[in-house]
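Below is one structure, written out as structure tokens; comments come after it.
The values are calculated or read from the model by the stated rules, or taken from the named source; none is laboratory data. Just so it is clear, the structure is predicted and the values come from calculations on it, not from any experiment. So basically every Cβ, Gly included, is an ideal-geometry build from the backbone, and we count neighbours across all protein chains shown. Areas reflect the complete protein model, heavy atoms only, side chains present, ligands, DNA and RNA absent. Shrake-Rupley method; radii C 1.70, N 1.55, O 1.52, S 1.80 Å.
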Amino acid sequence: MFRVSCINRIFSVNSLNRSNYCTKPEFRNATQRIDKSEGKQAQFSSAKIGPFFQSSPQLENQYTGDAVLQSYVHRYIPEEILAPIETDLIRFGERVATEVYELGLQCEREPPQLLQFDAWGNRVDQLITSPAWKRQHDISAEEGLIANAYERKYGEWSRLYQVIKLFLYSPSSGLYSCPLAMTDGAARVIKQLPSAYSWIKERAYPRLISRDPAQFWTSGQWMTERRGGSDVASGTETVAVPQSDGSYRLHGYKWFSSATDANMTLTLARVEGPDKNVIEGTKGLSLFYLEVFDEQKKLNNIQVQKMKNKLGTRQLPTAELLLDGAVAYRISDEGRGVAGISNMLTISRIHNALSSAAAMRRILSMARDYSTRRKAFGDYLKNYPLHMQTLARMEVEARAATILVLEVARLLGREDTGIASDQESLLLRLLTPLAKLYTAKQAMSVVSEGLECFGGQGYIEDTGLPGLLRDSQVLTIWEGTTNILSLDVLRAITKTQGEVLVALHHSVMSKIQKASQTQELKDHSHRVKEATLKVMNFVQTNPDKAQVAARDLAYSLTRIYIASLLLDHAVECGMTRTDIHTAQRWCEGDLAPVVSNLSHYSTTPEDLHLVFQNYSGQ
């Protein structure tokens, strides 16, 4: 008690005069030493955390900073329309690096929320989205991100022009690129509807391609149900009950419905017959047009059960939906729903591929800039050969993905305008799943590597960098996983009796012809030719291994075709040092893993035994 009272007395307000307690010489000397050091302490105290702050990476104009994109545009876009297109791309390249980029970050900070009930217990299912998300809607309309492909102002080049703008927009969009992908697909489906559905075309199509934000509609794509994602044939349980006015009432549960705030959607369901039964399997599926809201702006007999808690794409409202008599209209022949969505899948898979390529370009753009700002061990990162080698390897991947996406867009533009040859249409059928599956895998690898270029800051959410990786993961899954799309490639080969492979072979041989006559690229052209022949031979001689080798086959076809594109691009664009180097590096890789891994395709159940060794489940 005595000691406590003494301590209280020493440190009381009335006894803070040092002369009251620092009476011994050693105490007085210590006090003087403290007084002399107070000036230095105060200086550091005011600085708080020291004077150094690492400057953050800055986005440059996303069009002018992309060499392969510019060279492709200059190579292909006719001179008479190049000026207005490129002027717009330069302007938009700056906009996505500034205004749109900041809006995208805001979308990440302000994810959508679901208000299911009001204060009085009424079910309202109100989806609350960020003001930035709504602004992305308006920008999409103003920039014609859907309209550009359908107005056909530039003929066959309109689609390429649209895809390039979407490529620039995607990484800054706060995932608004997702509803745009589904809107583009819906626009293509509805545009091609026969005259029997003219009222739907007149109502929906002008809104889907509108440049007026007040009129512009987005579309959802509600296919996934609880039983399955890609397996719509056995996974779709939604029932469509015919009504006397020609409409249908849909009853079902949509498990994964992105862009829940869309104005309309296309969805699959099984028509209920007079006997109250439905046809199972693919033959029982029909395609339906459904508007999300009724004339009173209330949900069309739809309940939003919950929002999905996703790894990435958190900016995008994705929900589980109960359709409890939603009014819809059949827009395919009965039982032809899967065929009806084929055009939509083509578009959305191309969007997926362009988003993959765009993610790679974005992380590289930021890593390149950061290498000029970050010093480590006494020098800037750009001056370390190992760091430049790492970025260069990533750059080759990004250029390869970009040129593949642009080529697919060019072919789609020709098909849109009805001038594609039979060979080009076959090539597009094969390249669409190949581009989607391969670029998605590239994106995951390149973006992950890209985060390392920022050290610990690449792992910090505040920088906006980790979101690129989280959002990239969906690209390998949405619109079909790598295995599902690899099997789709097999389906394309089988259904066309190999004609898609003939088309690819002819295109590859044509594209490498000039390169094979150059000193710098003749050996690499020979490697591509040899790889192509080996892969074609594998397909012919190993039909029993087709399923287990499907993924490696898809990779091989993609790598070979990219190689031909890079060789062709290098020659046609003047044999620049960087184009030659890119083509050489790509061709020096394994172009035919399906041949390299031939010994792995055993028909014995060794893989099964390896995976399930010591497994204790049922």
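For region 446-497, a residue qualifies if it is in a helix (DSSP H, G or I) and under 13 Å from the mean Cα position of the chain (by Cα), and the qualifying residues are V447, G467, L468, L469, R470, D471, S472, Q473, V474, L475, T476. Among the residues of region 466-481, which ones are hydrophobic (A, V, I, L, M, F, W, C) and under 20 Å from E225 (Cα atoms)? Scanning region 466-481 gives V474, L475, I477, W478.
Residues in region 285-339 that are among the aromatic types (F, W, Y) and open to solvent by 40 Å² or more (accessible area, probe 1.4 Å): F293, Y329.
Matching residues to (1) more than 30 Å from M182 (Cβ to Cβ); (2) at pLDDT 95 or above; (3) out of contact with any strand residue (DSSP E or B) (no Cβ under 6 Å at 6 or more places or on another chain):
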site	(1), (2), (3)
G480	no, no, yes
N483	no, yes, yes
G498	yes, yes, yes
Q517	yes, yes, yes
M536	yes, yes, yes
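Every condition in (1) loosely packed, with under 10 Cβ neighbours inside 10 Å; (2) at pLDDT 50 or above is met by G39 except one, and the failing one is (2).
Quick test for you: out of R577, R559, pick the one residue that is loosely packed, with under 13 Cβ neighbours inside 10 Å, modelled with pLDDT of 95 or more and within 30 Å of Q517 (Cα to Cα).
Going through R577, R559 in turn, the sole match is R577.
Taken over region 340-358, the residue count meeting the criterion of being at pLDDT 95 or above, of a type in the set (G, A, S) and either open to solvent by 10 Å² or more (accessible area, probe 1.4 Å) or farther than 25 Å from L166 by Cα (or both) is 1.
Please list, ordered by residue number, the helices (runs of 4 or more DSSP H) wholly in region 173-245 having 3 or more residues that are more than 30 Å from L103 (Cα to Cα) and either open to solvent by less than 10 Å² (accessible area, probe 1.4 Å) or among the aliphatic types (A, V, I, L, M) (or both). Working first, answer last.
Working: elements: 177-191, 198-208, 232-235.
It comes to 232-235.
Restricting the first member to region 482-496 and to residues that are farther than 15 Å from S230 by Cα, and the second to residues that are modelled with pLDDT of 95 or more and open to solvent by less than 20 Å² (accessible area, probe 1.4 Å), the beta-carbon pairs closer than 7 Å and six or more apart or on different chains are L490/A550; A492/L430; A492/V500; I493/V500; I493/L501. Taken as a whole, region 414-435 holds no residue that is free of Cβ contacts under 8 Å to residues at least 12 places away in the same chain, buried (at least 18 other Cβ atoms within 10 Å of the Cβ) and more than 30 Å from R188 (Cα to Cα). Looking only at region 499-525, residues that are in a helix (DSSP H, G or I) and among the polar types (S, T, N, Q) come to 5 in all.
Just checking, which of P593, P605 is without any contact (Cβ under 8 Å) to a residue 60 or more places away in the chain and under 25 Å from M394 (Cα atoms)? Only one candidate passes the filter, namely P593.
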